[in-house]
Every structure is written in C-alpha cells, then in structure tokens.
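Following: one structure in structure tokens, then a few remarks.
The values are calculated or read from the model by the stated rules, or taken from the named source; none is laboratory data. Just so it is clear, the structure is predicted and the values come from calculations on it, not from any experiment. As a convention, Cβ positions derive from the backbone with ideal geometry for all residues, glycine included, and neighbour counts pool all protein chains shown. Remember, those area values only see protein heavy atoms, side chains included, never the ligands or the DNA or RNA. Shrake-Rupley method; radii C 1.70, N 1.55, O 1.52, S 1.80 Å.
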Amino acid sequence: TSSNFNTNHFNFTPDDKTKTPFEIIAETVLKALKALKRPVIAAVLLGLLLMYDPNSTALAASGGRMGGRSFSSRSYSVPSNGGSSFSSYSVPYYAPAPFGGGGGFYVGTAVGVGVGAGSGFMLIMIGFFAFVLVSGFLSDRSESGVLTDIERTSVLKLQVGLLGTGRSLQRDLNRIAEVADTSTSEGLGFVLTETSLALLRHPDYCISGYSSVDVKRSMDEGEKRFNQLSIEERGKFDEETLVNVSNIRRLSTTFQKASGFNNEYIVITILVAAEGVHKLPLIKGSGDLAVALQKLASIPTSKILAVEILWTPQNENDTLSERELLEDYPLLRPL
C-alpha cells in the first residue's frame, strides 16, 4: 500500500524515496506556494491600484490671489436736494388758513388747499400725499428714486473655467501679481484690466463661465458681500501660494506637488466692488463672456472700491481634476 501511494500519487524521483512522508509533503506545499506566488502578488498590486485615488494626492491645493480694497477711504456725500434730477418731495405740514375759519393743508411753500379741518376731502388728501412721500423715499428702482445710483454699491463676480493647457494664463497672472501696486486705486484698475485682457486674448481656453451681480443700498452692505465672496473662494484653496493684496506680498516655496498627473482645468475668479449700478450679462456662450470681461475692464478707476483675482491652480505643477471642478465650482456652465 505504501509503495502504491508513493508512486501513483506524487510521482517521486529516486531521491524522494529516501525522504520521510512529512518532508515530502512539506516540499510539495512549498512548490505549490512558489507556483502561486506571482499571481498572488499581481492580485495584491491590482487591489492597491483599484483602491488608489489619484485625487487624494493631486488636490488643487495651490491658489493665487491679488487685489485690494479702498472702502475705508471712500464716503458718500449726498447733495441737499438728494442728488437726483427727479422731483424731490416736501414733507406735508399744517398751518392756519390765510382767511380764518378752518385749518389749511399745505405742501411745501407753494401749494395750499384751504378746506375745513373736519372735511373728508382733507383726509383723502393727507392719505394721498403720505403715499407719495413714502413711495418717493422707499423707491428702489434702478434709474430713479431718492436713493440715487451713486449711493449704491455693486458687487460683481465673474468666474471662468479653462482647459489645463492654458498655462500661459497662469504665467500671465503670476506676472501681473508680481508687478502690480495693489495699494492704490490705479493699481487695482491695472489688475482688473490686465486680467480681463489676458482672458480676452485666449478665448480658445475658456470652456465654462458664471456671473452674478449684487446691488447693495450702502457701501457697508457692499463691503460685507464682497468679503463673503472672497472668503468663500479662498476656502477652496489648501494654500495661497502667491499673494499680492494691498501690496502685502507672499510667495510660498514649500509647496510640493505629486508628479505624474497632467493638469486638467484652471479656474479664474474676478471679484469687483464698485460705486454705482453696474451690470453683467448671464454667461451662456463665448460672446456673453467677452461682453462681461469688456464691462469689467471698462469700470472707471474712480469707481472701483475693491478688486480680487483668485485662480487655481497657481502652481504649474498642480492639478485641478474634473471631480474637483464639479464639486468646488458647481455654478460654472459650459459655453
């Protein structure tokens, strides 16, 4: 039985006949493991590759930021007549009637209606002029009303998504940040104009866009809204690797990016706060984007209250993936 077991099931060589059954079984197991070794390693490597997320090491961490603010150096001076070409409203008041008898109801110094104090007509007139007065002060129409266009503050946002191959735009923005004096209104105008022109010169890189305009009733409200938008955009960066804000400059040299990944996209955000009422078109195509950039570039320097240009990735070796583009910039719409 032992002879049949050895020869029929394992096909031992002559040397195997001198080994104990335990040694023979051990060697057989080792040979089997060696045969399986390469497939097991391949399976482990495949599992690691499937679990590997390239975005975990290729985050759009680097961000550039340049601009400044001049809210605190501006103040509105409202003319005594309300600063508007439209008729102003005088507050109604009562005075004795010029010919005795009942009271009189007068508006301003030129119009008077002499009626009895208890007259129903007088009550109607009081209600009418009260309505006119309140309507005049509370009117918020874009072209008229006691609150003039000059007293308002517009906060504009234009966001552009570009192909990652547009690295020349990254270099343009880096150059603008390096030379701009962002502590003056002229410097802020330079930053806004040069950034708009850089985008206008490369329409073939632009693939998506978004615009918004908030018109606020005061400079304080405009400043608050501008700061909210700035913080929202800055929060999408892991690190601001190039900064020139109010002429405070910072350049990070510690940023390291995992190699082996090509940049897919670039996003540039333009934030502007300006005195008066300004408008931007909805971005539905390349033509709308061009018009929006031209409008931003043409805002007079004297009207500019604040400008910020933010872009990511700032580092040319950094990567913004499609997933990150969709998650962080969901309002962008294809052109």
Checklist entry - Carbon and sulfur: what percent of the stretch 188-335's accessible surface (1.4 Å probe)? => result 49 percent
Item to check | Over 19 Å (Cα to Cα) - which of Lys236/Lys303; Lys157/Lys236; Lys236/Lys295; Lys224/Lys303 fall in this group | outcome: Lys236/Lys303; Lys236/Lys295
Next on the checklist: Can you list residues from other chains, or at least 5 along the same chain, whose modelled amide H is less than 5 Å from the amide H of Ser246?
Outcome noted: Gly67, Gly68, Arg69
Checklist entry - Ignoring ligands, DNA and RNA, how do Arg167, Arg152, Arg249, Arg201 rank by accessible area with a 1.4 Å probe, largest first? => result Arg201, Arg249, Arg167, Arg152
Checklist entry - Any idea what % of Cα-Cα pairs in the stretch 197-335 are farther than 22 Å? => result 45 percent
Checklist outcome for this item: Sorted by chain and then number, the residues having a modelled amide H within less than 5 Å of the amide H of Gly209, at least 5 places away or on another chain, are Gly161, Arg333, Leu335
Checklist outcome for this item: Stretched fully, the stretch from Asp238 through Arg201 gains (0.36 nm per residue minus C-alpha distance, one decimal, in nm) 10.4 nm
Checklist entry - Along the Cα-to-Cβ line of Val213, 7 Å from the Cα, sits a label point; which residues in the stretch 279-297 have backbone N less than 15 Å from it? => result 279-284, 288-297
Item to check | Residue order for Tyr265, Tyr329 - accessible surface, 1.4 angstrom probe, largest first | outcome: Tyr265, Tyr329
Checklist entry - In sequence order, what are the phi-derived ³J(HN,Hα) couplings for the stretch 302-315 according to the Karplus relation 6.51 cos²θ - 1.76 cosθ + 1.60 with θ = phi - 60°, rounded to whole Hz, with x for glycine and proline? => result 5, 9, 6, 9, 6, 9, 9, 10, 10, 9, 8, x, 8, 7
Next on the checklist: If DNA, RNA and ligands are ignored and the probe is 1.4 Å, what is the ranking of Ile25, Ile126 by accessible area, most exposed first?
Outcome noted: Ile25, Ile126
Checklist entry - For Leu331 and Glu221 in one chain, what is 0.36 nm times their gap in residues minus the Cα-Cα distance, to one decimal in nm? => result 37.3 nm
Checklist entry - For the stretch 180-290, with the dipole built from +1 on Lys and Arg beta-carbon atoms and -1 on Asp and Glu ones, taken about the Cα centre, which of Leu188, Gly276, Ile266 lies farthest toward the positive end? => result Ile266
